[in-house]
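The values are calculated or read from the model by the stated rules, or taken from the named source; none is laboratory data. Treat the numbers as computed from the prediction; the structure is a model and nothing was measured. Here the Cβ positions follow ideal geometry from the backbone for every residue, glycine too, while neighbour counts run over all protein chains shown. Accessible surface areas use protein heavy atoms only, side chains included; no ligands, DNA or RNA. Shrake-Rupley method; radii C 1.70, N 1.55, O 1.52, S 1.80 Å.
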2 protein chains.
Amino acid sequence: MTQPAAPASRVACVALDASDPLRSLRDRFIVPDGVLYLDGNSLGPMPRAAGAAFRRTIEEEWARDLIKSWNSAGWFDLPEKLGDRLGALIGAAPGQTVVCDTTSINLYKALHAAIGLRPDRDVVVAETGAFPTDLYIVEGAMASADRPMQRRLIGRDGPIEALLDDRVAVAVLSHVDYRSGRLLDVADLTRKVHAAGALIIWDLCHSASVIEFAFDAQAIDFAVGCTYKYLNGGPGSPAFISVAHRLQAQARNPLSGWWGHAAPFAFDLDFRPDSGIRRFLCGTQPILSIRGVEAALDALDGVDVAALRRKSVALTELFIARVGALLPDLEILTPREASLRGSQVAIAFDKGYPVVQAMIERGAIGDFRAPDVMRFGFAPAYLRFADVWDAADMLADCIRAEVWRDPRYSRRHAVT
Amino acid sequence: MTQPAAPASRVACVALDASDPLRSLRDRFIVPDGVLYLDGNSLGPMPRAAGAAFRRTIEEEWARDLIKSWNSAGWFDLPEKLGDRLGALIGAAPGQTVVCDTTSINLYKALHAAIGLRPDRDVVVAETGAFPTDLYIVEGAMASADRPMQRRLIGRDGPIEALLDDRVAVAVLSHVDYRSGRLLDVADLTRKVHAAGALIIWDLCHSASVIEFAFDAQAIDFAVGCTYKYLNGGPGSPAFISVAHRLQAQARNPLSGWWGHAAPFAFDLDFRPDSGIRRFLCGTQPILSIRGVEAALDALDGVDVAALRRKSVALTELFIARVGALLPDLEILTPREASLRGSQVAIAFDKGYPVVQAMIERGAIGDFRAPDVMRFGFAPAYLRFADVWDAADMLADCIRAEVWRDPRYSRRHAVT
């Protein structure tokens, strides 16, 4: 990807913002005054229209219309309806995605289904650098398989070929590394995994809606991800799972609850899975929280993921360039090459924790990952070039001021 | 249980309401004007204070405070904190209950753990009359076990002894039958299951908070249930799971996600479960929906479940007596004996579907379960004796008017 040079002054940033074709998108989100929000890779801000949507769900659908809203307000169909809309953002045609449960639970379903689809194989490939719940769920899914399974781990740099053979049933890879922000080559890795006869599950937690993904075009088998980061669905809003049409009829969801039944209201004694993607549902979904996903999808309505990606690359490019100019000795973990970079920039710094705390106090909210990683997310839907310029300045100010000498910035736990 | 005679006139009902020690509770809920809500056994009404609680979560915690609310608003601790409060309503001491996920998923966890705790046994006992998702999840959990398992089914009348032997690992029973409203004898059945060396899981979906349950006193092993029926947590609000202290260290949650890890923020490569009840968590919970559970628990604060149960028995007693007087030929499926009855009354009637529809149109909301069951739930927190009197009258009016001759009341699907 050829990238125009990053703006060289704050004035140039302001000019770039004024001509940004996505500039009006920011108005669709509530970004508090005085806040530079660089943590949308952890919890996205609230879409402005979400307030009215929640109010309607609470006051009209629940409080006033009560039980009949399951039908009249379409509650029962939300997982599939929102799944189709979300699928459009990751290149999946309708009928392959449902919004439900949590990423961990959906990964368990996908792994179990994949292991069942490769009954003569006994290895699951996963990444040492995966967000840890992926590794834990691999353990849980392997222990629930109908045969002994083994886990093989690869580092972020691979090469995956060394681990692929005819024992591998499935590989789980993260599109973007949650810590370093490194982006994997989906086409290349999927091809290699498929060439070995294995299935692939992509974890899109850190990329859905902000980086192009071609579920259908690249013949992906399964994808899972959350909806509360770049998708802005709200704290803990239900996750998603996509399963390719060609696999659905044979893919078994171990969490065989009534919402995945072919006829949930027939109340049969035996489980008979839905013929399509609904078989990956299980139980009743949290309606208030799932309405957040709907409001979030509304806020991205009509927006091209490719345009978001272009702006995201320009924002991270600017941050890297500016930090490099101000603090040339700092170790930037995120690749400089745009095609290898997600929508965040990670910086290794042994005093990273107090620096992030000091920045938060000054209004620039990023986060910290042990042992020494400062993470800054650059969500193109609501961040401006001038914001990025200011954030780099603030980072430099905090480091030059040696804020870690101030005892206020002590350690506490953080959340992904 | 000796019960005073049901009131013999509407005037007597109004007098009873005026002296009802629980009468002020109704003000804590939004019951729309002109509605007789007899479907709180399916979706409870909104607690009046929930609106402000949701608004605070949406506008202050999410929109304004963003990521820091995970700590400052205590989001991360809600499953355990609300679990302890909910546990108090079912006789479980703190540290044994978490609010999370769905009933189906929690049942899967409990079954898997129980099967693991009885490694030399290969049978799961379940009820033919269970809400079907319980049966489906039994199938899924058996298929995910480390050995071939079998399901043995009992009818609601048992006797369970005929099915219990040294092959039974675990029995799953529903405290109240979702269709007939029949209540099981927890003490007796738990004793029998334990005497056979098996574990027991009680499904409390249709009883939690409205019928006394003695988790600790009766040495129950596992309980699961939803929070959106008599608990009034809102549509699809997260469910709960209780696991006895004595089993926790050995009980394995197959859904081994990061929220169940001993140190979720240490980001270890390997799963090491929390030493206590948190090991039954999996992934990030839907915060808006879980705040509904909190508001619901607030609405029941200081209320004695025994008092709710006494009023519930009196309400169902009145309905049965009045329906019996008005429509002596109708077949009431729910036991007349109070100790065998949950908080609902089920009536078999071949024209039940159009009758329920006609009653809804007249403002009395009950529901229908195929093939021919009319269900009326009597939630003591907000229903009055006069409401019950009026509902019986309305039922009699609809049947005498032969409303099924009106083509408006055609069939459509319904939700539990």
Select from region A:208-252 the residues that are open to solvent by 10 Å² or more (accessible area, probe 1.4 Å), part of a loop (DSSP other than H, G, I, E, B) and under 13 Å from A:Ile277 (Cα atoms) and list them in ascending order.
A:Ala249, A:Gln250, A:Arg252
Which of the residues that make up region B:272-294 are open to solvent by 10 Å² or more (accessible area, probe 1.4 Å), assigned to a helix (DSSP H, G or I) and in contact with a Gly (Cβ under 8 Å, 6 or more places away or on another chain)?
B:Arg278, B:Arg279
Checked region B:53-98 for anything open to solvent by 10 Å² or more (accessible area, probe 1.4 Å) and assigned to a loop (DSSP other than H, G, I, E, B); matches are B:Asp65, B:Ala73, B:Gly74, B:Gly91, B:Ala93, B:Pro94, B:Gly95
Out of (1) in contact with a strand residue (DSSP E or B) (Cβ under 6 Å, 6 or more places away or on another chain); (2) under 23 Å from B:Thr128 (Cβ atoms), the one A:Ser256 does not meet is (1)
Residue that is within 12 Å of chain A (Cβ to nearest Cβ), of a type in the set (Lys, Arg) and in contact with a Gly (Cβ under 8 Å, 6 or more places away or on another chain), where the choices are B:Arg369, B:Arg375:
B:Arg375
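If you check A:Asp33 against the conditions, is it over 20 Å from the mean Cα position of the chain (by Cα), under 27 Å from A:Gly377 (Cβ atoms), within 11 Å of chain B (Cβ to nearest Cβ) and of a type in the set (D, E, K, R)?
The answer is yes for A:Asp33.
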In region A:262-299, anything within 11 Å of chain B (Cβ to nearest Cβ) and of a type in the set (Asp, Glu) is listed as A:Asp268, A:Asp270
Would you confirm, using the coordinates I've provided, whether A:Gly129 is in a helix (DSSP H, G or I) and either among the small types (Gly, Ala, Ser) or open to solvent by 10 Å² or more (accessible area, probe 1.4 Å) (or both)?
no
Of the residues B:Asp39, B:Asp101, which is within 24 Å of B:Leu255 (Cα to Cα), assigned to a loop (DSSP other than H, G, I, E, B) and in contact (Cβ under 8 Å) with a residue 40 or more places away in the chain?
B:Asp101
Single unsatisfied condition, B:Gly44 versus (1) assigned to a helix (DSSP H, G or I); (2) in contact with a Gly (Cβ under 8 Å, 6 or more places away or on another chain)
(1)
How many of the residues in region B:154-183 are modelled with pLDDT under 95, closer than 20 Å to A:Asp270 by Cα and not in a loop (DSSP other than H, G, I, E, B)?
1
Among the numbered conditions (1) in a loop (DSSP other than H, G, I, E, B); (2) at negative phi; (3) within 11 Å of chain A (Cβ to nearest Cβ); (4) surrounded by 23 or more Cβ atoms within 10 Å (Cβ to Cβ), tell me where B:Trp259 comes up short.
(1)
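Just give me the residues in region A:295-328 being assigned to a helix (DSSP H, G or I), within 18 Å of the chain's Cα centre (by Cα) and not β-branched (Val, Ile, Thr), in sequence order.
If we filter region A:295-328 for residues that are assigned to a helix (DSSP H, G or I), which is where we start, we get A:295-299, A:305-326.
Narrowing the set further to residues that are within 18 Å of the chain's Cα centre (by Cα) leaves A:295-299, A:305-313, A:316.
Scanning region A:295-328 gives A:Ala295, A:Ala296, A:Leu297, A:Asp298, A:Ala299, A:Ala306, A:Ala307, A:Leu308, A:Arg309, A:Arg310, A:Lys311, A:Ser312.
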Go through region A:189-205 and count every residue that is more than 14 Å from chain B (Cβ to nearest Cβ) and open to solvent by 10 Å² or more (accessible area, probe 1.4 Å).
7
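Sort through B:Ala93, B:Ala63, B:Ala88, B:Ala49 and tell me the only one that's hydrophobic (A, V, I, L, M, F, W, C), more than 9 Å from chain A (Cβ to nearest Cβ) and closer than 26 Å to A:Arg48 by Cα.
Working: B:Ala93 fails: closer than 26 Å to A:Arg48 by Cα; B:Ala63 fails: more than 9 Å from chain A (Cβ to nearest Cβ); B:Ala88 fails: closer than 26 Å to A:Arg48 by Cα.
None of the others qualify; the one that does is B:Ala49.
Identify all residues within region A:188-207 that are in a loop (DSSP other than H, G, I, E, B) and farther than 20 Å from B:Asp101 by Cα; write none if there are none.
So in region A:188-207, the residues in a loop (DSSP other than H, G, I, E, B) come out as A:196-198, A:204-207.
Once the filter is applied, which keeps residues that are in a loop (DSSP other than H, G, I, E, B) and farther than 20 Å from B:Asp101 by Cα, region A:188-207 yields A:Ala196, A:Gly197, A:Ala198, A:Leu204, A:His206, A:Ser207.
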Within region A:335-377, can you find the residues that are more than 26 Å from A:Tyr228 (Cβ to Cβ), open to solvent by 50 Å² or more (accessible area, probe 1.4 Å) and not hydroxyl-bearing (Ser, Thr, Tyr)?
A:Arg336, A:Glu337, A:Asp350, A:Lys351
Of all residues being surrounded by fewer than 21 Cβ atoms within 10 Å (Cβ to Cβ) and either modelled with pLDDT of 95 or more or not acidic (Asp, Glu) (or both) in region A:262-271, which is farthest from A:Lys68 (Cα to Cα)? Just the residue, please.
A:Leu269
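Considering only residues that are more than 9 Å from chain A (Cβ to nearest Cβ) and within 22 Å of the chain's Cα centre (by Cα), look in region B:139-168 and name the one that is nearest to A:Gly140 (Cα to Cα). First the steps, then the outcome.
Filtering region B:139-168 for residues more than 9 Å from chain A (Cβ to nearest Cβ) gives B:142, B:147-152, B:154-168.
Within this subset, residues satisfying the condition of being within 22 Å of the chain's Cα centre (by Cα) are B:154-158.
Numbers: B:Ile154: 31, B:Gly155: 34, B:Arg156: 34, B:Asp157: 37, B:Gly158: 35 Å.
The residue in question is B:Ile154.
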Which of the numbered conditions does B:Val11 fail, given that it passes all the others? Conditions: (1) more than 23 Å from the chain's Cα centre (by Cα); (2) of a type outside the set (Ser, Thr, Tyr); (3) at positive phi; (4) away from every other protein chain (no Cβ under 11 Å).
(3)
Would you check which residues across region B:358-388 are touching a Ser or Thr at 6+ places or on another chain (Cβ under 8 Å) and either farther than 20 Å from A:Ser69 by Cβ or in a helix (DSSP H, G or I) (or both) and list them?
B:Val373, B:Phe378, B:Pro380
For the condition closer than 25 Å to A:Lys229 by Cβ and surrounded by fewer than 17 Cβ atoms within 10 Å (Cβ to Cβ), what is the one hit in A:Ser24, A:Ser19, A:Ser42?
A:Ser24
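Hey, among B:Val125, B:Val186, which residue is modelled with pLDDT of 95 or more, more than 14 Å from every other protein chain (Cβ to nearest Cβ), farther than 23 Å from A:Ser237 by Cα and in contact with a helix residue (DSSP H, G or I) (Cβ under 9 Å, 6 or more places away or on another chain)?
After applying the criteria, what remains is B:Val125.
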Of the conditions (1) farther than 30 Å from A:Cys205 by Cβ; (2) in contact with a strand residue (DSSP E or B) (Cβ under 8 Å, 6 or more places away or on another chain), B:Pro238 clears all except one; give me its number.
(1)
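If you scan region A:108-122, which residues turn out to be more than 9 Å from chain B (Cβ to nearest Cβ), buried (at least 21 other Cβ atoms within 10 Å of the Cβ) and either touching a Phe, Trp or Tyr at 6+ places or on another chain (Cβ under 9 Å) or not in a loop (DSSP other than H, G, I, E, B) (or both)? Can you show your working first?
Within region A:108-122, the subset more than 9 Å from chain B (Cβ to nearest Cβ) is A:109-111, A:113-122.
Filter once more, keeping what is buried (at least 21 other Cβ atoms within 10 Å of the Cβ): A:109-111, A:113-115, A:121.
A:Lys109, A:Ala110, A:Leu111, A:Ala113, A:Ala114, A:Ile115 - these are the residues of region A:108-122 that are more than 9 Å from chain B (Cβ to nearest Cβ), buried (at least 21 other Cβ atoms within 10 Å of the Cβ) and either touching a Phe, Trp or Tyr at 6+ places or on another chain (Cβ under 9 Å) or not in a loop (DSSP other than H, G, I, E, B) (or both).
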